[in-house]
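Derivation of every value follows stated rules applied to the coordinates shown; laboratory data play no part. Everything quoted here is computed from the prediction, not taken from an experiment. Quick reminder, even Gly has a Cβ in these numbers, built from the backbone with ideal geometry, and neighbours come from all protein chains shown.
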Amino acid sequence: MTGAGTNTYLLGDEQIAVLDPGPAIPEHIDAILEAGGDKIKWVVCTHTHPDHSPAWKAIADATGAKPLGMSPEDKMFQDETFKPIWELEHDDVLRSDEFTLRAVHTPGHVSNHFCFFLEEERMLFAGDHIMNGSTVVIVPPSGDMKAYIESLQLLLEYDLELIAPGHGEVMENSKAIVEWLVNHRLQREAKVIKGLQHTGRANLDTLVKVVYDDVDEGLHEMAKLSMSAHLIKLQQEQKVLQHADDDSWELVNS
C-alpha cells in the first residue's frame, strides 16, 4: 500500500519543519533527528494514517517541536496518538524567515487530510491526496469521493509547479496531473453509471467486473472500495439507489 515507503520532507535550514514524519520506526526517527537536530521547530502532518504521523511524538519529545495538523475524526486505521498543538484550518499559514507554508484542506482520502503549499517554491506537498505511480484508494465512510474530486478541483486555483507526494517521486506538470486525476475519476464514475445500465440492479461483486474490466481481477477487492465511494457520491446526488437487504445498487428510474 505504501510502495517504497512514506516520504518525509524537511523544510528550512535554521528553523526546520518536518512534514509527514512517518511511522514510528526507530531508524527512521534517528535519521530525521540526525538531519534536523535541535533546529526542528515544527512537525506537520498531512493526515493521521499510521504510515504518515506516528513518529511525530518521538520527534516532538526529542526537540520540543510543535505538532501541526488536524485530529482524526474517526477510528478507521487512524493514529489516535496524534495531538496537535495547532489544529489546522483551511488557509492557515506557517511562516518562518525562510519559507511560507499554506495549509490547504483537502478531504476525500480522509476527512482530516491537508495538502501544504510551499509558496516560494510553488510546490505542493500532497500527502495521500495525490500519489506518483498509482491512484488513491477512497475507502468509505472515512473516505469521501465527492469531497475528493472537489478537493482536486480546488488545487487548480493554486499556482502549482511541482507536486511532492507522500509516496513516489516529485512530479512536474502539476496542473496537467490534477486535471488528469479529476477526469479519470469522472470517467470512472461514468463507467459506474454505464455498468448499472448494463447489469441492472447488481451487487458490488457483479458490478466491479464491469466497471473495472480494465483492471487485473486480483485488484478487484481493492477496486470495490473506490467503486463504493463512487456509488455513495451518486447516491448523494440522487442518481442511484442502494438496497440494504442485499447490498445491491440500481439507477434511479431504471
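Report yes if ASP246 is out of contact with any Gly (no Cβ under 6 Å at 6 or more places or on another chain), over 29 Å from PHE117 (Cβ atoms), in a helix (DSSP H, G or I) and among the acidic types (Asp, Glu), otherwise no. No. For segment 26-54, a residue qualifies if it is farther than 23 Å from VAL137 by Cβ and either among the β-branched types (Val, Ile, Thr) or assigned to a loop (DSSP other than H, G, I, E, B) (or both), and the qualifying residues are ILE29, ILE32, ILE40, VAL43, VAL44.
If you go through segment 136-169 and keep only what is assigned to a loop (DSSP other than H, G, I, E, B), among the aliphatic types (A, V, I, L, M) and within 26 Å of LEU219 (Cα to Cα), you end up with VAL136, VAL137, ILE138, VAL139. Of all residues in segment 3-43, those being on the phi > 0 side of the Ramachandran plot, surrounded by 23 or more Cβ atoms within 10 Å (Cβ to Cβ) and either of a type in the set (D, E, K, R) or out of contact with any Pro (no Cβ under 9 Å at 6 or more places or on another chain) (or both) number 1. In the set THR6, THR48, only one residue is in contact (Cβ under 8 Å) with a residue 12 or more places away in the chain, under 23 Å from ILE130 (Cα atoms) and in contact with a Gly (Cβ under 6 Å, 6 or more places away or on another chain); that residue is THR6.
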